[in-house]
């Protein structure tokens, strides 16, 4: 049994070396090639001084080399940190510094942009794609062309023993205080989920999985590692297909995708903009979705148009990956108002805790807690934040154990399924992206002209939520919404930049003097 | 019509800048730059762009035509629109 994620690849490569492992942008790698190239990259990383547990950033558009990089870093004993290729460089540089990255894998263009920022902790950079130069020194950062990996041994990775509780990767998510936070994930965390999926969805080597989510998004963990575990093939979906529903439908049809996993909004996009009857999507046998609430009317339509596949609602924050699941029962869809998040996955336990700190009774609202080997050890370099979320499980009386408090309010139904009813805080989901409204407000408040800022979420059936922002400025300042949008884009990811900013002389307050977000949200909803 | 053919690119660029890029805080990009890679166009943006092109240039754009090849960059959108206008 594999106890490290990279062992999944080694095993499958030994079983079926010539089978295609990963395809993207017209390139594909067999299991042998993926195994050999990741061995070579691992040797290169070690040769340049990477030590066990050190972080390596992946800052390249999604391609087959991204997968080589993920495995290469783990084989070198390192921890990979996938970065959003479209994120503002200021934010990327913050992440680089925050986790003290030793190495970066990026394109020459992205490297050029980053050099204007403080990324002094990076000791060497591997340049992937674009014009490949020869090895050269550039200040303190050594630049190494990707092709250099060819000079290293292919047959096995470097000898750097790791254990299952070592970190495998880190995913940065929106943080309420204005800076992203790094969720640490161990090999065991990921394998707990991968093993459960392998069993539950019976992933086989004949399967053809799509990878819709970006690699810095935890949905991709299933696509990549369950494909590799099973000796199946994963097809990475790049932006040129992803943004065009017709191309996406064609992609599923032509690649005969059997297992699909995405946020609901991607499926809604297909449903609303493509005549699905005109496409042969009969290869699909499992459709998984997660990350946000699926509007029932769209799910009903989709299940009617796609009669064959099993549909599953998967639920879980990045800190636990998926922790509950609900298999959609077609006959029951007509009577449901909302889709349950279901019950705990294997090797995972969930429970709801009420305001008195007791287990909530069925039918009563409680906060969902998660325990088991899937739960993150915490946030990188932030013991305070970790303490607030990864807490001692007070219901475990015989020994010390941690549980993750999700901040999600749930109700346990009579049938044993949990229902999601809302958040304890101001985190929202838009197109599956997890957004802390506080992070948007912090970005705006850091602008010199802004006096007050309030972000509110307006529910939206197609994309989950739309963010509206209300701003008041210091007296006499003529800053425009466009100025503020431009400013935000240098600090927060594009999906967080508010599409609409309304300027007010002053923001309404509650009796306690706080900005009245409820009033703002309702005034917006009624317009 | 003559006038339209002359400045389609400007009109497309103005819409993309004002309605799509600015809302995402993106100020500068070239006519050749990939709008899907630089984040100017997202999935909803694609459809707003299609609606704009149909109304502005009195075109009918088929589902089959809403693909990356036609919407990759300002230049490609301009080429696509002009080829449609010439057929009309």
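Per-structure values
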read-out: Tally of residues being without any contact (Cβ under 8 Å) to a residue 60 or more places away in the chain, touching a strand residue (DSSP E or B) at 6+ places or on another chain (Cβ under 6 Å) and surrounded by fewer than 19 Cβ atoms within 10 Å (Cβ to Cβ) across the range A:446-458; value: 2
read-out: Selection count, the range A:488-527, where residues are closer than 30 Å to residue A:94 by Cβ and without any contact (Cβ under 8 Å) to a residue 12 or more places away in the chain; value: 1
read-out: Helices (runs of 4 or more DSSP H) completely within the range A:162-260 that count 1 or more residues being in contact with a strand residue (DSSP E or B) (Cβ under 9 Å, 6 or more places away or on another chain); value: A:187-200, A:227-230, A:245-254
read-out: Filtered residue count, the range A:75-84, keeping only those that are in contact (Cβ under 8 Å) with a residue 40 or more places away in the chain and either under 9 Å from residue A:59 (Cα atoms) or in a loop (DSSP other than H, G, I, E, B) (or both); value: 6
read-out: Residues located in the range A:240-266, provided they are modelled with pLDDT under 95, more than 10 Å from chain B (Cβ to nearest Cβ) and surrounded by fewer than 22 Cβ atoms within 10 Å (Cβ to Cβ); value: none
read-out: Verdict on residue B:69 being surrounded by fewer than 15 Cβ atoms within 10 Å (Cβ to Cβ), facing chain A (nearest Cβ under 9 Å) and within 13 Å of the chain's Cα centre (by Cα); value: yes
read-out: Restricting the range A:267-291 to residues that are outside any loop (DSSP other than H, G, I, E, B) and more than 11 Å from every other protein chain (Cβ to nearest Cβ), the residue that is surrounded by the fewest Cβ atoms within 10 Å (Cβ to Cβ); value: A:277
read-out: Hey, residue B:83 buried (at least 20 other Cβ atoms within 10 Å of the Cβ) and more than 9 Å from chain A (Cβ to nearest Cβ) or not; value: no
read-out: Index of the failed condition, residue B:33 passing every other in (1) away from chain A (no Cβ under 14 Å); (2) over 22 Å from residue A:250 (Cβ atoms); (3) touching a residue at least 40 places away in the same chain (Cβ under 8 Å); value: (1)
read-out: Selection count where residues are in a strand (DSSP E or B) and surrounded by 20 or more Cβ atoms within 10 Å (Cβ to Cβ), scope the range A:360-384; value: 7
read-out: Positions within the range A:67-91 being more than 22 Å from residue A:160 (Cβ to Cβ) and at pLDDT 95 or above, in sequence order; value: A:83
read-out: One residue from A:196, A:146 being farther than 30 Å from residue A:488 by Cβ, in contact (Cβ under 8 Å) with a residue 60 or more places away in the chain, buried (at least 17 other Cβ atoms within 10 Å of the Cβ) and over 21 Å from the mean Cα position of the chain (by Cα); value: A:146
read-out: Subset of the range A:6-26 (residues that are touching a strand residue (DSSP E or B) at 6+ places or on another chain (Cβ under 7 Å) and farther than 22 Å from residue A:61 by Cα); value: A:17, A:18, A:19
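The values are calculated or read from the model by the stated rules, or taken from the named source; none is laboratory data. Not measured: the values here are computed from a predicted model. Neighbour counts run over all protein chains shown; Cβ positions are idealised from the backbone, glycine included.
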